[in-house]
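Asker: Following this message is one structure expressed as structure tokens.
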Amino acid sequence: MPAVFLKDRSLLFVSGAEAQPFLQNLITTDIISLGADEARPGALLTPQGKILFDFMIWQDGDGYMIETDAGQRDSLLKRLTMYKLRAAVTLAPSTEEGVTVCWGEDAEGSQGVRGSQGVRDSRFAKAGITLIRRPGKHGDGKEALYDALRISHGIVTSGSDFALQDAFPHDVLMDFNGGLSFRKGCYVGQEVVSRMQHRGTARRRVVTVSAATALPETGTEITAAGKPVGTLGSVEGGSGLAIVRIDRAGAAMAAGTPLLAGETPVSLVLPAWSGLVFPASADEASA
């Protein structure tokens, strides 16, 4: 597949003697166990445990590169600066603009690269796909190809698939894709997400959506018997992503109740790499 340039991605570089503990005590990702050529998802949460900023993070020399949506970068930089206080940490926007992703045969030549040369996206690795992320423009493939790959493997992005400050990390499968640690110490919002994990109360989850015809636009409500189940996110033709209440969707499917995105009949599938299944009843969902 061709290399695809994502022009709406921006980068921040975090360096300094205390960069690792600064980030480790602040974000959801366990960066101490981060592989040298690995990019993991992460988030900075609100105290209530919802996603305030989402990003990818990887090692770059003696520091860390954070890749986020271009619209988030300045606000994220401001928020990190607020937490910095007197820590020996330097925060700076990268001079590179945008990020290039490649996979399949185009990723083979990037094996073993790291830092600014390219890193493996752990989210796709969970789905058995080697996808390399590299700062700057190194290809001209159509962005729709990357979106189609994301959709087929249940990998979401903020803005298109969920609104910031509206989703918990569990909602977007960060408890399965390497972006959420339950073993490291405290970080902002940690108590809430740990409680969700131990109580098993996560009900909203990412699903892939398919239809025999083109799906309606992003933001369309998904319903069962007229009751809301979730909301349609990224769409490419007859395929899309959504975050849905899997207890409600599972009960509807078990009862044979049609699921609709607007007026369009749809089917929902949980990403295979997550290992999740739809509960068939409310009792099963709360078990």
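Asker: Does the range 194-201 contain at least one residue that is open to solvent by 30 Å² or more (accessible area, probe 1.4 Å), at pLDDT below 95, assigned to a loop (DSSP other than H, G, I, E, B) and not hydroxyl-bearing (Ser, Thr, Tyr)?
Answerer: Yes, the range 194-201 has at least one match.
Asker: Further question: For residues that are of a type in the set (D, E, K, R) and open to solvent by less than 50 Å² (accessible area, probe 1.4 Å), scanning just the range 153-177, find the one that is farthest from residue 26 (Cα to Cα).
Answerer: By that ranking, first place goes to 161.
Asker: On to the next question. Output the number of residues of the range 1-21 satisfying the condition of being open to solvent by 30 Å² or more (accessible area, probe 1.4 Å), in a loop (DSSP other than H, G, I, E, B) and over 21 Å from residue 92 (Cβ atoms).
Answerer: Within the range 1-21, residues that are open to solvent by 30 Å² or more (accessible area, probe 1.4 Å), in a loop (DSSP other than H, G, I, E, B) and over 21 Å from residue 92 (Cβ atoms) number 2.
Asker: Could you list all residues from the range 120-145 that are of a type outside the set (D, E, K, R), within 13 Å of residue 7 (Cα to Cα) and surrounded by 21 or more Cβ atoms within 10 Å (Cβ to Cβ)?
Answerer: Matches in the range 120-145: 135 only.
Asker: Could you identify the single residue in 205, 183, 150 that is in a strand (DSSP E or B), basic (Lys, Arg) and in contact (Cβ under 8 Å) with a residue 60 or more places away in the chain?
Answerer: 205
Asker: Would you be able to say whether some residue in the range 270-281 is free of Cβ contacts under 8 Å to residues at least 24 places away in the same chain, open to solvent by less than 30 Å² (accessible area, probe 1.4 Å) and not in a strand (DSSP E or B)?
Answerer: For the range 270-281, residues free of Cβ contacts under 8 Å to residues at least 24 places away in the same chain, open to solvent by less than 30 Å² (accessible area, probe 1.4 Å) and not in a strand (DSSP E or B): absent.
Asker: Of the residues in the range 64-90, how many are buried (at least 19 other Cβ atoms within 10 Å of the Cβ) and either of a type in the set (Phe, Trp, Tyr) or in a strand (DSSP E or B) (or both)?
Answerer: 6
Asker: Any chance you could count how many residues in the range 244-269 are over 26 Å from residue 169 (Cβ atoms) and buried (at least 20 other Cβ atoms within 10 Å of the Cβ)?
Answerer: 0
Asker: Can you tell me which residue in the range 178-193 is nearest to the chain's Cα centre (by Cα), limited to those that are of a type in the set (A, V, I, L, M) and surrounded by 21 or more Cβ atoms within 10 Å (Cβ to Cβ)? I'd like the intermediate steps shown before the answer.
Answerer: Let us first name the residues in the range 178-193 that are of a type in the set (A, V, I, L, M), namely 180, 188, 192-193.
Add one more test, that the residue is surrounded by 21 or more Cβ atoms within 10 Å (Cβ to Cβ), and what stays is 180, 193.
Numbers: 180: 11, 193: 16 Å.
Looking at residues that are of a type in the set (A, V, I, L, M) and surrounded by 21 or more Cβ atoms within 10 Å (Cβ to Cβ), I get 180.
The values are calculated or read from the model by the stated rules, or taken from the named source; none is laboratory data. Here the structure is a predicted model, which means the values were calculated and not measured. Neighbour counts are summed over all protein chains in view; Cβ atoms, including those assigned to glycine, are modelled from backbone coordinates with ideal geometry. Accessible surface is based on the protein model in full, side chains and every heavy atom, while ligands, DNA and RNA are left aside. Shrake-Rupley method; radii C 1.70, N 1.55, O 1.52, S 1.80 Å.
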